[in-house]
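Everything on this sheet refers to the single structure shown next.
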Amino acid sequence: MASMRDIKRRKGSIQSTQQITKAMKLVSTVKLQRAKQNAEKSGDYFRCMFETVNSILQKTKNLDHKYLRSGASGKKAVIVITSNRGLAGGYNSNVIKLITKGELAEEELAIYAVGKKGKEALQRRYEIKADYSDVIEEPVYADAMVIGRDVLEAFEKGEISEIYLAYTGFKNTVVHIPTLLKLLPVEVSEEEMENGGSAEGADKALMNFEPEDEEALNLLIPKYITSLIYGGMIEAVASENGARMQAMDSATSNAEEMIDKLTLLYNRARQGSITQELTEIIAGANAIS
């Protein structure tokens with residue numbers, strides 16, 4: 001059995017750790033409230049943007065446009081959104097698993113990292129095309145525009161043939177869903193085409209553009225890409241703080257359980273020490289008498 005001094009030292013160490021985890025939980029709770037509001041405000045817009053632009057682009061298959069042609073290189077760009085800090089449970093690892101254990105071949109990927117944890121985990125196996133880790137601290141639309149512009153330039157030049165977005169979708173405080181979303185080129189199944197409109201065959205009608213299709217798509221697709229990247233960052237920040245709050249809450253509870261166990265061990269060791277001292281005193285008194 002450990003000595004009373006060892007038990008007391010370990011208990012003090014755990015109490016110090018508990019104070020840290022409790023403070024981190026409170027900080028994450030405050031940040032979560034703000035991030036949750038942003039995610040809820042913008043969520044409907046970005047979902048509508050994705051569905052609407054997908055519906056438009058799947059009706060423009062016959063158009064020869066730079067954003068609708070797959071590049072010749074075969075490389076697939078993946079914008080991976082993680083955090084700059086750990087201690088968030090499985091938040092970062094779940095996004096990384098979408099890449100490492102998904103269906104995308106390792107040699108085909110070019111990673112656009114948004115978050116240091118994703119970059120550090122993937123850089124040994126994959127090509128890191130660009131690093132935008134600083135923008136995830138306080139995401140703004142202008143940062144998403146820069147990322148979107150860079151990936152679209154690479155797509156236009158034929159350096160990449162597909163664009164994906166890997167992030168953690170925010171459903172509620174407890175539920176966060178790792179998501180791999182294909183942005184370009186758009187692929188819509190026959191079932192989606194049939195269910196997309198209110199009138200039968202309405203989805204299959206050709207899309208008419210005003211102004212001309214070239215000018216319209218030049219305006220529409222960059223805004224579509226930027227909006228989805230920004231939406232992904234907003235939801236990722238909310239998910240990160242939710243995951244960290246849960247992780248720190250569990251750590252605080254576990255520390256409390258360990259402190260209770262160590263307190264019991266300390267009391268038993270102290271009781272044993274007292275009993276031994278009394279036994280020695282009685283034995284000494286009997287020997288004298």
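The values are calculated or read from the model by the stated rules, or taken from the named source; none is laboratory data. What you see is a predicted model, and the numbers here were worked out from it, not measured in a lab. Note that we place each Cβ from the backbone using ideal geometry, even for glycine, and neighbour counts take in every protein chain shown.
Selection of first residues in the stretch 122-143 that are under 16 Å from Y112 (Cβ atoms) and touching a residue at least 40 places away in the same chain (Cβ under 8 Å) and of second residues that are of a type in the set (D, E) and surrounded by 12 or more Cβ atoms within 10 Å (Cβ to Cβ), restricted to Cβ pairs under 8 Å at least 6 apart or on distinct chains, gives the following pairs, ordered by first then second residue: V135/D143. The requirement of being in a helix (DSSP H, G or I) and either polar (S, T, N, Q) or within 28 Å of L68 (Cα to Cα) (or both) is fulfilled nowhere in the stretch 117-128; no residue meets it. If you go through the stretch 24-68 and pick out every residue that is at pLDDT 90 or above and farther than 30 Å from G242 by Cα, you end up with 0. Of the residues in the stretch 48-58, not one is acidic (D, E) and either in contact (Cβ under 8 Å) with a residue 12 or more places away in the chain or crowded, with 17+ Cβ neighbours inside 10 Å (or both). Count of the stretch 92-111 residues, restricted to those that are touching a residue at least 12 places away in the same chain (Cβ under 8 Å), farther than 18 Å from E138 by Cα and either in contact with a strand residue (DSSP E or B) (Cβ under 6 Å, 6 or more places away or on another chain) or not small (G, A, S) (or both), is 13. I need the full set of residues from the stretch 251-289 which are in contact (Cβ under 8 Å) with a residue 40 or more places away in the chain and closer than 30 Å to V30 by Cα, in order please. Correct list: A251, T252, A255, E256, M258, I259.
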